[in-house]
Amino acid sequence: YPSPDNPVFRLHPVEFFQEFPVLDYRVTAVPVPHAVPAAGFQILSGETNLFYTGDTGQGLSDAWEHVSPQVLLTEVTFGNEEEGRAIAAGHLTPKFFEETMIDFKDRKGYLPRVIVAHMNPPWEATVRRELKEVGERLSLDILVSHADMRISI
C-alpha cells in the first residue's frame, strides 16, 4: 500500500532543456506558448523521437530550435471561426496549426507524422473538416486521436 516511504508517485522538479529519465525513455521539457506557462515534452527512445506539445498556441518556432520529432502530438482546440478565442486562450486552430507546420518544414526540411488531440467537443466536427483541408494542402496525413488509442512509432 502507498505510504510516505512507498508512495504511488514522486514529484521531481523539471528544468527546461535538461534531459531526464522516465523508465526507459529520455525526456526533455521545452517551453511552449500558452495563456499560462506551459511545457511540451520531447520523448526519446533509441532512434524514436516524439514531441508532445501539450496545450499550446501560436509561436512554436522557438520549440523547433530544440526538437526534431518523427512524431508530433499536438492540440487543435477551436475551429478557424474562433480565432480570437484561440489567441486569448493560447490554443491552436487548424489555420494556426497549418502556419505552424509550414514554419516547421521551412526550418527542418520535413514534416513529422502528426497526431492531433484536445479538440473542444462543440468544435470537433469543424476542426476535423478544417484539418482534413490542411492535410490536403500540405500533403500531410493528420491522425486525430481518440480514447484508448495506441500507435506504433
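The values are calculated or read from the model by the stated rules, or taken from the named source; none is laboratory data. Quantities reported herein were computed from a predicted structural model and do not represent experimental measurements. Using ideal geometry, Cβ is built from the backbone for each residue, glycine included, and neighbour counts are taken over all protein chains shown.
How many residues does segment 1-30 contain that are over 20 Å from Ser68 (Cβ atoms) and of a type in the set (Val, Ile, Thr)?
Count: 2.
With the requirement that a residue be modelled with pLDDT of 95 or more and closer than 10 Å to Val76 by Cβ, what does segment 115-132 give you?
Val116, Val127, Arg128, Glu130, Leu131, listed by residue number.
Counting only residues that are basic (Lys, Arg) and over 29 Å from Gln58 (Cα atoms), how many does segment 1-46 have?
Of segment 1-46, the ones basic (Lys, Arg) are 10, 26.
Cutting the leftovers down to over 29 Å from Gln58 (Cα atoms) gives us 10.
Of the residues in segment 1-46, 1 are basic (Lys, Arg) and over 29 Å from Gln58 (Cα atoms).
Just give me the residues in segment 9-39 being among the aliphatic types (A, V, I, L, M), part of a loop (DSSP other than H, G, I, E, B) and either on the phi > 0 side of the Ramachandran plot or in contact (Cβ under 8 Å) with a residue 40 or more places away in the chain (or both), in sequence order. Break it down stepwise before answering.
If we filter segment 9-39 for residues that are among the aliphatic types (A, V, I, L, M), which is where we start, we get 11, 14, 22-23, 27, 29-30, 32, 35-36, 38-39.
Those left that are additionally part of a loop (DSSP other than H, G, I, E, B): 11, 14, 23, 35-36.
Within segment 9-39, Leu23, Ala35, Val36 qualify.
Name every residue in segment 1-39 that is among the hydrophobic types (A, V, I, L, M, F, W, C), surrounded by 10 or more Cβ atoms within 10 Å (Cβ to Cβ) and more than 19 Å from Thr74 (Cβ to Cβ), in order of residue number.
The initial filter retains those residues of segment 1-39 that are among the hydrophobic types (A, V, I, L, M, F, W, C), namely 8-9, 11, 14, 16-17, 20, 22-23, 27, 29-30, 32, 35-36, 38-39.
Subsequent filtering for residues that are surrounded by 10 or more Cβ atoms within 10 Å (Cβ to Cβ) retains 14, 16-17, 20, 22, 27, 29-30, 32, 35, 38-39.
Scanning segment 1-39 gives Val14, Phe17, Phe20, Val22.
Restricting to segment 79-101, give me the number of residues that are of a type outside the set (Lys, Arg) and more than 15 Å from the chain's Cα centre (by Cα). Even if it seems obvious, please write down each step before you answer.
We begin by selecting, within segment 79-101, every residue of a type outside the set (Lys, Arg); these are 79-84, 86-94, 96-101.
Checking the rest, the ones that are also more than 15 Å from the chain's Cα centre (by Cα) come to 79-84, 86-89.
Residues flagged as of a type outside the set (Lys, Arg) and more than 15 Å from the chain's Cα centre (by Cα) within segment 79-101 amount to 10.
Which of the residues belonging to segment 90-105 are out of contact with any helix residue (DSSP H, G or I) (no Cβ under 9 Å at 6 or more places or on another chain) and on the phi < 0 side of the Ramachandran plot? Quick ask: steps written out before the conclusion?
Quick first cut of segment 90-105, residues out of contact with any helix residue (DSSP H, G or I) (no Cβ under 9 Å at 6 or more places or on another chain) only: 90, 99.
Of everything in segment 90-105, just one residue is out of contact with any helix residue (DSSP H, G or I) (no Cβ under 9 Å at 6 or more places or on another chain) and on the phi < 0 side of the Ramachandran plot, namely Glu99.
State the number of residues belonging to segment 1-32 that are touching an Asp or Glu at 6+ places or on another chain (Cβ under 8 Å) and at pLDDT below 95.
Kept after step one, since they are touching an Asp or Glu at 6+ places or on another chain (Cβ under 8 Å), are these residues of segment 1-32: 26-29, 31-32.
Subset that is at pLDDT below 95: none.
Selection size over segment 1-32: 0.
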